[in-house]
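See structure below.
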Amino acid sequence: MNDDLDALLHDDLLRPPPDFTQRVMQRIQPLAFAAPQVRASARAATRRWHRLRRLATTLGLVGSSVLGLSQLASYVFGLWLASAAI
């Protein structure tokens, strides 16, 4: 193999210059990661979807609770009928 390549592979990883972090941080624009401006109509639509999602979740929980309670009641009633028949 190539001796220069072997020497490079046996050496530690490349070391950045001492002022590397400061130079990179100076190049970052301060507003580059700022949140985009949202219009009032978009905010209202977002609120509407959140409200609709909360309503759907509540209705799903209530419906599944009613179904579960009816299943529980039918099970208990079935046990009661079986024990009464004995």
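The values are calculated or read from the model by the stated rules, or taken from the named source; none is laboratory data. The structure presented is a predicted model; accordingly, all values stated were derived computationally and were not measured. Cβ placement follows ideal geometry from the backbone for every residue including glycine, while neighbour counts extend to all protein chains displayed. Quick note on the areas: whole protein, heavy atoms, side chains included, nothing else; ligands and nucleic acids left out. Shrake-Rupley method; radii C 1.70, N 1.55, O 1.52, S 1.80 Å.
Based on what the data block shows, is ARG43 under 21 Å from the mean Cα position of the chain (by Cα) and modelled with pLDDT of 90 or more? For ARG43, the condition - under 21 Å from the mean Cα position of the chain (by Cα) and modelled with pLDDT of 90 or more - is not met.
Being out of contact with any helix residue (DSSP H, G or I) (no Cβ under 7 Å at 6 or more places or on another chain), surrounded by 10 or more Cβ atoms within 10 Å (Cβ to Cβ) and modelled with pLDDT under 75 is not true of LEU69.
Residue count for segment 20-40 under the criterion of being over 23 Å from the mean Cα position of the chain (by Cα) and either modelled with pLDDT of 75 or more or of a type in the set (A, V, I, L, M, F, W, C) (or both): the result is 13. The test for being hydrophobic (A, V, I, L, M, F, W, C), over 27 Å from the mean Cα position of the chain (by Cα), surrounded by 10 or more Cβ atoms within 10 Å (Cβ to Cβ) and modelled with pLDDT of 90 or more does not hold for LEU8. Would it be correct to say that LEU52 is within 24 Å of the chain's Cα centre (by Cα), open to solvent by 100 Å² or more (accessible area, probe 1.4 Å) and at pLDDT 85 or above? When the stated conditions are applied, LEU52 does not pass them.
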